[in-house]
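The values are calculated or read from the model by the stated rules, or taken from the named source; none is laboratory data. Here the structure is a predicted model, which means the values were calculated and not measured. Here the Cβ positions follow ideal geometry from the backbone for every residue, glycine too, while neighbour counts run over all protein chains shown.
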Amino acid sequence: MSADASRFEFKYRITPHTYYALRNALAAHMRRDYFTERASGCRYFVRSLYYETAAHDIYAQKMSGDFARVKYRLRSYGKSADPRQPIRAELKVRRGEALSKYQCFVSMDEYEQFIRQQYWGARAHPVLDEFARGVHLLGLQPAVLVDYHREGFEARDGSRVRVTFDHKVGSTQATSLFPVGEPFFRVHHPGEVVLEIKFRHDPPRWLGPLVRAYGLRLVANSKFTQGIEVGRRDRCYPNGVLVVR
């Protein structure tokens with residue numbers, strides 16, 4: 001099963017003022033990626049449906065800092081079920097500080113069959129096989145739906161450094177990518193933008209000066225974890241410790 005090369009991610013939450021200043025400062029090093037250039041307002045929509053166990057085991061692994069852990073999610077770039085919109089099945093694997101992402105595009109028919117029957121159909125693919133295996137062995141179910149609007153930038157020098165700004169990140173409990181009606185999304189951090197800097201090996205040289213100039217501070221910013229916490233306050237203490245009631 002092949003994957004995107006292992007990468008590292010630095011995450012920050014910033015104010016709108018810092019966002020505009022940083023975006024301008026990054027122009028010397030970065031340019032808008034393909035999807036951002038073609039999106040309305042230069043921000044494209046991202047929706048992810050995360051799977052979890054009834055006992056919230058994946059959340060607990062994250063909070064305890066387990067060295068090796070896996071997130072299972074389905075991703076769409078639209079709010080409605082449109083056969084023309086791509087859907088991806090993804091396994092996001094963390095080993096220590098390194099991340100690898102395994103992914104496979106699926107059709108709308110395959111997605112709908114998996115939601116109904118936890119079965120992808122006749123097509124064989126390592127990512128789909130492993131996704132289904134995890135669902136059946138671990139008892140995973142769709143649990144948290146996360147929406148946001150993203151601006152993506154890529155390095156001008158071809159170094160594969162990637163920078164993203166995520167706006168209006170919010171979540172709701174859901175059992176599909178396209179729930180019926182208009183679900184209420186709780187915004188995770190009102191008035192803040194999520195900055196992510198992603199790289200393969202060493203951090204880019206320009207990162208240190210920007211961090212110092214704008215007073216950036218690394219944060220743990222798992223959208224999945226925040227979705228669990230805002231959606232199931234009955235299971236989480238304010239400090240994020242999972243409790244069963």
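The residues in region 150-165 that are of a type outside the set (Lys, Arg) and in contact with a helix residue (DSSP H, G or I) (Cβ under 8 Å, 6 or more places away or on another chain) can be counted, and the count is 5. Answer with yes or no whether Lys168 is of a type in the set (D, E, K, R), without any contact (Cβ under 8 Å) to a residue 60 or more places away in the chain, in contact with an Asp or Glu (Cβ under 9 Å, 6 or more places away or on another chain) and part of a strand (DSSP E or B). Here the answer is yes, as Lys168 does meet what is asked. Among residues of region 103-117 being farther than 11 Å from Ile87 by Cα and in contact with a strand residue (DSSP E or B) (Cβ under 9 Å, 6 or more places away or on another chain), the one that is surrounded by the fewest Cβ atoms within 10 Å (Cβ to Cβ) is Ile115. Annotation: Phe8 fulfils all but one of (1) of a type in the set (A, V, I, L, M, F, W, C); (2) out of contact with any helix residue (DSSP H, G or I) (no Cβ under 6 Å at 6 or more places or on another chain); (3) assigned to a strand (DSSP E or B); (4) at pLDDT 95 or above; the unmet one is (4). Do you know which residues across region 171-190 are aliphatic (A, V, I, L, M), free of Cβ contacts under 8 Å to residues at least 60 places away in the same chain and surrounded by 14 or more Cβ atoms within 10 Å (Cβ to Cβ)? Of everything in region 171-190, just one residue is aliphatic (A, V, I, L, M), free of Cβ contacts under 8 Å to residues at least 60 places away in the same chain and surrounded by 14 or more Cβ atoms within 10 Å (Cβ to Cβ), namely Val187.
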